[in-house]
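Below is one structure, written out as C-alpha cells, with a few remarks after it.
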Amino acid sequence: MDEKQRHDRGVTQRRKVLGNAHVDRTIAAKTDFNAEFQDVITRYAWGEIWTRPHFDERTRRILVIGTTLALDKWEEFRLHVRAALTEGGFTGDDIKEIILQQMIYCGVPAANHGFREAAAIVADLDKAR
C-alpha cells in the first residue's frame, strides 16, 4: 500500500469513528502550519493503527477512552466519548463502565472528572434528541 492509499484509508476510518462533521471541521481548519501533522495522524493513527485487524473498533474505542482519561487528555476524551455515543453504538452505561474500570487503575479524581465530562455529553445528546 502506498502513502496515498494509506491516507485515503485513514480518512475513511476517521470518518467512521469520529463522524463526517468532525472530520469536515478538521479538514476546514487545516493550515500550512498543521497540514503535515494532519497528514501524519491520518495516515498512521487512522490509516495504519485503527485499521489493524487484531482488535475490533469497539475495543479500540474503549482503549482510547480509557487512555485519554488516564492521561488527563480531556479534549480527546470528550471527542471520543461523543463519537462512541453517536457513531459507535455505545450507551451511557458503556461509558460508565469504562470510567469505573479506569477508576481502579487511574484513581478517583480522574474518574470523578471523567464522569462530569461524560455526563455533560450524555445530557447534551439527550437534549438534541
Working carefully through the options I121, I95, find the one that is without any contact (Cβ under 8 Å) to a residue 40 or more places away in the chain and of a type in the set (A, V, I, L, M). I95
Sole residue being among the aliphatic types (A, V, I, L, M), assigned to a helix (DSSP H, G or I) and within 21 Å of K16 (Cα to Cα), chosen from I121, I99: I121
Only one of (1) in contact (Cβ under 8 Å) with a residue 60 or more places away in the chain; (2) surrounded by fewer than 19 Cβ atoms within 10 Å (Cβ to Cβ) fails for A83. Which number is that? (2)
So is R15 assigned by TED's automatic domain parsing to the domain that holds E97 and modelled with pLDDT of 95 or more or not? no
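This table checks each residue for (1) hydrophobic (A, V, I, L, M, F, W, C); (2) under 24 Å from H7 (Cβ atoms); (3) touching a strand residue (DSSP E or B) at 6+ places or on another chain (Cβ under 7 Å); (4) not assigned by TED's automatic domain parsing to the domain that holds K4.
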position	(1), (2), (3), (4)
N20	no, yes, no, no
D24	no, yes, no, no
N34	no, yes, no, no
F37	yes, yes, no, no
W50	yes, yes, no, no
I65	yes, no, no, yes
L71	yes, no, no, yes
H80	no, yes, no, yes
A83	yes, yes, no, yes
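The values are calculated or read from the model by the stated rules, or taken from the named source; none is laboratory data. Bear in mind that the values here come from a model prediction, so they are computed numbers and not experimental data. Glycine also receives a Cβ, built like all others from the backbone with ideal geometry; neighbour counts cover every protein chain displayed.
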